[in-house]
Amino acid sequence: MHLTRIRIRHFRNIESIDWDPAPGLNLIWGDNGQGKTNVLEAVHMALTGRSFRTGREGECLPWNREEDPAAPTLLEADLKTARGGRRLRLLLGRRWKQAFTDGQWVARLADLWTCGALVTFTPQAVGLFKGPPAERRRFLDMVLSRLSRPYLDRLQRYHQALRRLNAILKSGSSPAGVRRQAEAYYAQLAEAGAAVMLDRARRLGHSGPAIAGRFNRVGGGGTLELIYDHSLGELPLDLADPALEPGALAREYLERLHAQHEDNQRLGACALGVHRDDFSARLDGHDLRRFGSQGQHRLAALTLKLEAADWIEHDIGDTPILLLDDFGSELDPDRREAVLRGLRGAMQVIITATRPADLGDAVPFDRSMLISGGRFQK
């Protein structure tokens, strides 16, 4: 899969851009504040319906422009996929958003994910293994939801049940009444949560050898491994066992929820389950969060993103598009060259940098664009 054309109108500091990126390595370069990241954000939003920078999408609209319903913010992406061409179109206003695929209105943004495949790496991703567990769960859930509609459905059912359960736990009803109402939701959490947990743990577990090899190919040293850290405590079951059925795990899950009920009621929230799970990175057996350098964190996060791209290619039979924002910072020249050589010919890549020299000249780009004031320069 690759982007053949991106059309951007009235997006942040970009008034109008029409660009035909190359299928291979693309570079967008220029001084800070000129719009490099805005182009990547526009591509990301056109393919996913969401920004990777903000949840307040009104921030993506130009500051000095009155909203015009006849000419709203427009993001339009033409894709060439293994199954043919697609056109994705997103219209954005201050409190509204509409998406279209091949001229047909998309009722749910989740349906947009089935049209285009994308992996995005930003400077903030460096903190993926440093930050709170919620960031890692969000990353994993977004990728797996893109690959599996059943996973997305189970995850949505889980969070719906969790919200209702937490409302009951906070209700102030009698202990017996709360327990009676909570029982049904505990069963729903256990059923959906067990399936989600198994999907997450197996995906990470199966990637073990590939993760280690990929980390070394991008210039990392040592053995990188990912460990799924569930919140259920000691289990008599092995999540890595391919014969383990979700039903068996669901029974153990439900027992833990029942045992945790009094603590949940005291807290006013369910404190156990896949919404509290995490995964960690270990380098040569040491926790990367505690012992890793900034460069090692960057390479580990990039390795995980590239591994996710491989999951997508394997599952959908098409290569995703890779966006690398401010890629050259904090990597030495040899590691930058190793990454770029590994990416050449593998997928379409759009990279931003302040200057082409930041990335060296050992690996040439197929297309290079200078941006200034939100415009590509001839």
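Structural remarks
- For Gln160, the conditions (1) part of a helix (DSSP H, G or I); (2) surrounded by fewer than 17 Cβ atoms within 10 Å (Cβ to Cβ); (3) touching a strand residue (DSSP E or B) at 6+ places or on another chain (Cβ under 8 Å) all hold with the exception of (3).
- When residues in segment 101-117 are screened for being at pLDDT 90 or above and either β-branched (Val, Ile, Thr) or closer than 25 Å to Leu302 by Cβ (or both), 1 of them pass.
- If you check Val196, Val126 for being part of a helix (DSSP H, G or I), touching a His at 6+ places or on another chain (Cβ under 6 Å) and either more than 14 Å from Ala269 (Cα to Cα) or modelled with pLDDT under 90 (or both), only one passes: Val126.
- If you go through segment 195-233 and keep only what is of a type in the set (D, E, K, R) and within 29 Å of Gln156 (Cβ to Cβ), you end up with Asp199, Arg200, Arg202, Arg203, Asp229.
- Odd one out for Gly219 among (1) more than 17 Å from Leu283 (Cα to Cα); (2) in a loop (DSSP other than H, G, I, E, B); (3) not hydroxyl-bearing (Ser, Thr, Tyr): (1)
- Segment 212-223 residues that are at positive phi and not assigned by TED's automatic domain parsing to the domain that holds Leu331, paired with ones that are surrounded by 15 or more Cβ atoms within 10 Å (Cβ to Cβ) and part of a loop (DSSP other than H, G, I, E, B) (beta carbon under 9 Å, 6 or more apart): Gly219/Leu331
- Residues being in contact with a strand residue (DSSP E or B) (Cβ under 6 Å, 6 or more places away or on another chain) and more than 24 Å from Ser231 (Cβ to Cβ) - total across segment 107-147: 7
- The set of residues in segment 96-137 being farther than 21 Å from Tyr151 by Cβ and either acidic (Asp, Glu) or in contact (Cβ under 8 Å) with a residue 24 or more places away in the chain (or both) consists of Lys97, Ala99, Asp102, Phe121, Thr122, Pro123, Ala125, Val126, Gly127, Phe129, Lys130.
The values are calculated or read from the model by the stated rules, or taken from the named source; none is laboratory data. This is a predicted model, so every value here is computed, not measured. All Cβ positions, glycine included, derive from the backbone under ideal geometry; neighbour counts span all protein chains shown.
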